[in-house]
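Here's the structure, in structure tokens; my notes come after.
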């Protein structure tokens with residue numbers, strides 16, 4: 001978990017660096033130009049298709065409702081280790097046999113392994129006010145921004161041999177000097193159909209544990225909009241919250257990945273300064289635990305009783321949030337039931353995820369960090385469902401979290417010893433997508449979260465932490481146009497349904513809005529293409 | 001009538017032939033000169049053909065449930081959950097296997113396909129729309145054929161057609177291509193496929209299949225998009241037997257010079273992409 005948390009912090013900073021400012025009002029002109037350019041592009045055929053479509057010579061819709069969402073066939077293709085459902089074709093399909101049948105090797109063309117996905121946005125956020133965090137991170141209240149696609153995701157996926165498959169997602173940020181290295185966000189080896197077809201498969205590496213869940217963290221029609229924030233301090237500096245399914249969010253305030261170790265150093269000029277060695281704020285809207293974008297671990301899954309019932313068991317390796325971090329092994333189980341009908345597929349799934357000593361309850365008492373005696377255990381569980389019928393794709397999930405009650409005994413009341421905590425939180429996300437025709441898709445998503453964690457650090461007086469744990473709810477609308485099946489042009493609008501909430505007054509001299517309510521809306525025009 | 005159905009003449013005879021994998025030779029009927037046509041089915045496909053009985057049909061059903069239901073539906077009506085995404089507003093929609101209408105045949109228009117036709121479609125797929133299942137074992141593919149046949153009762157009573165042999169291919173030449181061009185004009189292929197073969201003929205926008213779905217004619221300059229294959233034998237089969245359920249008719253009864261006309265036309269079509 002620390003892994004993902006740190007990464008989130010990096011991404012947020014990167015995002016902040018590479019957003020390019022536009023002159024006021026220019027976004028409208030750009031938007032018109034953007035759609036005008038693409039409206040005259042007459043793309044009759046999908047000339048460029050991702051690797052699997054290239055390999056199997058089938059249209060994108062064989063596996064996707066609309067890219068990137070998988071339809072039931074695409075889901076089964078993924079489950080089967082990128083082999084056609086009902087087969088184990090990884091050893092020879094479209095490959096060249098070098099040598100003889102008995103001792104030779106089958107190798108695929110590289111183009112059958114490689115795919116690229118690019119996304120670019122023009123975003124216009126509407127904030128209620130420019131908060132101190134926004135000023136600190138140089139975010140204007142009413143600027144339109146082009147989010148430069150400086151980060152390119154390359155996918156290498158396929159089969160090395162029969163029932164042995166792999167998936168690597170490499171991210172390269174060409175514009176960030178600090179991160180200009182090739183890094184694999186997700187890297188997975190799969191051993192499929194062990195003991196018989198569908199009986200059991202093993203996934204090993206860094207991956208999204210929820211990829212088989214009815215509402216997976218990845219492959220959303222509404223791609224997550226990244227946060228503009230810095231999480232290597234507590235509380236985190238949040239200029240703009242991320243926009244993603246709130247059911248996935250950690251939803252817990254006042255937690256870190258471990259006690260920070262502040263180190264005091266001195267500059268050449270003799271000025272003292274402190275740096276944080278360890279311990280990151282767990283962002284309240286960060287996808288977490290079962291819904292973390294990537295977790296290192298092992299997962300076993302299969303359908304031993306036919307096509308209806310899917311099981312998944314897994315462990316994820318993380319570090320405890322203790323002062324002396326130890327390796328922790330999170331455990332999870334996911335069960336899914338599928339039912340197929342006329343032009344339809346219905347599925348319901350449930351999961352249970354447990355993480356021991358996963359978070360350190362933390363209070364910032366006027367600049368001094370106070371930690372609970374012990375790291376707390378964290379349990380996450382939820383149900384999800386998906387119903388596809390003809391042009392409809394409707395899916396939703398309810399996820400609940402529970403942490404142990406933090407122990408701040410020994411601290412005085414003024415130091416937060418009587419802090420109040422909510423140990424439970426919940427979130428719900430529901431999305432409906434409707435294909436008007438082959439070119440147009442409309443979508444809507446509702447997200448809501450009931451926050452937990454730190455309610456108030458010091459009940460005796462106003463402090464840094466009071467009223468931080470705010471609920472949130474958003475509604476998002478999406479219109480997507482596909483000039484070709486692998487190119488989606490979209491307009492999306494997120495509207496904050498929560499009323500204004502203020503940050504605690506003790507440290508909020510500017511009467512700042514709470515980050516969860518400050519982002520009133522966000523309009524985005526963009527392109528999402530895979531080839 | 002030069003109805004040509006170029007598949008098997010004799011399974012037993014061909015099985016004895018020593019051929020490289022991926023090709024298949026046909027021997028013409030007794031008294032005629034042997035002619036060969038490459039076919040994308042291996043000899044082993046025939047030698048490993050299992051018995052067609054209840055047990056193999058049940059086995060075929062199991063394979064179908066794992067591999068085919070997503071598009072063709074639980075009952076074979078072409079109404080699987082993915083079918084809508086593939087063929088909502090334009091053809092091809094996944095085949096309704098209970099309807100008895102099959103596009104890819106080596107039999108006459110309106111007739112049921114031969115077992116080998118179904119086998120070939122399962123093995124090779126349909127370019128752009130259905131992946132080929134060559135990775136299923138030969139035996140499994142045959143069992144799948146038997147199950148598919150069980151979905152349409154008329155298959156039980158269908159007598160196997162005696163396979164006709166394709167006439168000797170006419171080698172590509174300028175003369176043959178010119179003749180092919182004249183045939184292309186004579187039979188007004190350009191009304192659908194366009195004068196240059198780009199699939200943009202005057203009638204192209206209005207073409208629909210039996211399910212009233214728009215079915216644009218193929219761009220003949222893009223052989224990689226030919227649904228039933230782009231080899232000469234594939235084109236021969238398509239031209240002579242047509243695509244049932246679509247606007248593509250069978251021309252086997254109309255060519256004055258029979259096979260030679262077909263081969264001239266094939267040479268012309270292939271020249272469009274060279």
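The values are calculated or read from the model by the stated rules, or taken from the named source; none is laboratory data. Just so you know, these numbers come straight off a predicted model, no measurement behind them. Every residue, glycine among them, receives a Cβ derived from its backbone with ideal geometry; neighbour counts consider all protein chains shown.
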Report task. Tell me which residues, restricted to region A:341-361, are free of Cβ contacts under 8 Å to residues at least 60 places away in the same chain and under 25 Å from the mean Cα position of the chain (by Cα). Result -> A:346, A:350, A:352, A:354, A:356, A:357
Query raised in the report: Within region A:362-405, can you find the residues that are assigned to a loop (DSSP other than H, G, I, E, B), in contact (Cβ under 8 Å) with a residue 60 or more places away in the chain and within 16 Å of residue A:257 (Cα to Cα)?
Result: A:375
Query raised in the report: What strands (runs of 3 or more DSSP E), lying completely within region A:186-304, carry at least 1 residues that are within 30 Å of residue A:428 (Cβ to Cβ)?
Result: A:201-207, A:228-230, A:237-240, A:295-302
Query - Verdict on residue A:87 being in contact with a strand residue (DSSP E or B) (Cβ under 8 Å, 6 or more places away or on another chain), at pLDDT 85 or above and crowded, with 20+ Cβ neighbours inside 10 Å - result: no
**Report entry** Residue count, region A:358-407 (criterion: surrounded by fewer than 19 Cβ atoms within 10 Å (Cβ to Cβ) and within 30 Å of residue B:84 (Cβ to Cβ))
**Finding:** 8
Query raised in the report: Restricting attention to region A:30-66, and to residues there that are surrounded by 14 or more Cβ atoms within 10 Å (Cβ to Cβ), at pLDDT below 50 and within 13 Å of chain B (Cβ to nearest Cβ), which single residue is farthest from the chain's Cα centre (by Cα)?
Result: A:46
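Restricting to region A:67-82, name every residue that is more than 8 Å from chain B (Cβ to nearest Cβ) and either closer than 15 Å to residue B:80 by Cα or outside any helix (DSSP H, G or I) (or both). Can you show your working first?
At the first step, the residues of region A:67-82 found to be more than 8 Å from chain B (Cβ to nearest Cβ) are A:67-70, A:74-75, A:77-82.
Correct list: A:67, A:68, A:69, A:70, A:74, A:75, A:80, A:81, A:82.
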Requested in this report: Say whether the condition of being surrounded by 21 or more Cβ atoms within 10 Å (Cβ to Cβ), within 14 Å of chain A (Cβ to nearest Cβ), in contact with a strand residue (DSSP E or B) (Cβ under 9 Å, 6 or more places away or on another chain) and under 16 Å from residue B:65 (Cα atoms) is met by at least one residue in region B:133-148.
Outcome: no
**Report entry** Residue that is farthest from the other protein chains (Cβ to nearest Cβ) [pool: residues in region B:70-79 that are assigned to a helix (DSSP H, G or I) and touching a residue at least 24 places away in the same chain (Cβ under 8 Å)]
**Finding:** B:72
Query raised in the report: Could you say whether any residue in region B:116-131 is within 12 Å of chain A (Cβ to nearest Cβ), over 12 Å from the mean Cα position of the chain (by Cα), surrounded by 22 or more Cβ atoms within 10 Å (Cβ to Cβ) and without any contact (Cβ under 8 Å) to a residue 24 or more places away in the chain?
Result: yes
Report task. Report whether or not residue B:102 is within 14 Å of another protein chain (Cβ to nearest Cβ), at pLDDT below 95 and farther than 16 Å from residue A:71 by Cα. Result -> no
Query raised in the report: Among the numbered criteria (1) within 17 Å of the chain's Cα centre (by Cα); (2) in contact (Cβ under 8 Å) with a residue 60 or more places away in the chain; (3) within 30 Å of residue A:309 (Cβ to Cβ), which single criterion is violated by residue A:216?
Result: (2)
**Report entry** Candidate set: region B:226-255, residues that are over 14 Å from the mean Cα position of the chain (by Cα) and farther than 18 Å from residue B:169 by Cβ; chosen: the one surrounded by the fewest Cβ atoms within 10 Å (Cβ to Cβ)
**Finding:** B:253
Query raised in the report: Picking from A:340, A:347, A:331, which residue would you name as being farther than 21 Å from residue A:420 by Cβ, more than 14 Å from chain B (Cβ to nearest Cβ) and assigned to a strand (DSSP E or B)?
Result: A:331
Report summary line: Expected single match for touching a residue at least 12 places away in the same chain (Cβ under 8 Å) and in contact with a strand residue (DSSP E or B) (Cβ under 7 Å, 6 or more places away or on another chain) among B:225, B:246, B:271 is B:225
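Each row is one residue, and each column tells you yes or no for (1) more than 10 Å from chain A (Cβ to nearest Cβ); (2) under 18 Å from residue A:75 (Cα atoms); (3) surrounded by fewer than 22 Cβ atoms within 10 Å (Cβ to Cβ); (4) touching a residue at least 24 places away in the same chain (Cβ under 8 Å).
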position: B:61; (1), (2), (3), (4): yes, no, yes, yes
position: B:68; (1), (2), (3), (4): no, yes, no, yes
position: B:81; (1), (2), (3), (4): no, yes, no, no
position: B:87; (1), (2), (3), (4): no, no, yes, yes
position: B:95; (1), (2), (3), (4): yes, no, no, no
Report summary line: When every residue in region A:453-475 that is closer than 30 Å to residue A:221 by Cα and surrounded by fewer than 22 Cβ atoms within 10 Å (Cβ to Cβ) is compared, the one modelled with the highest pLDDT is A:475
Query raised in the report: Which members of region A:92-107 meet the condition of being facing another protein chain (nearest Cβ under 8 Å) and surrounded by fewer than 23 Cβ atoms within 10 Å (Cβ to Cβ)?
Result: A:92
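Go through A:356, A:350, A:396, A:382 for me and flag whichever is more than 27 Å from residue A:75 (Cα to Cα), at pLDDT 95 or above and in contact with a strand residue (DSSP E or B) (Cβ under 6 Å, 6 or more places away or on another chain).
A:356
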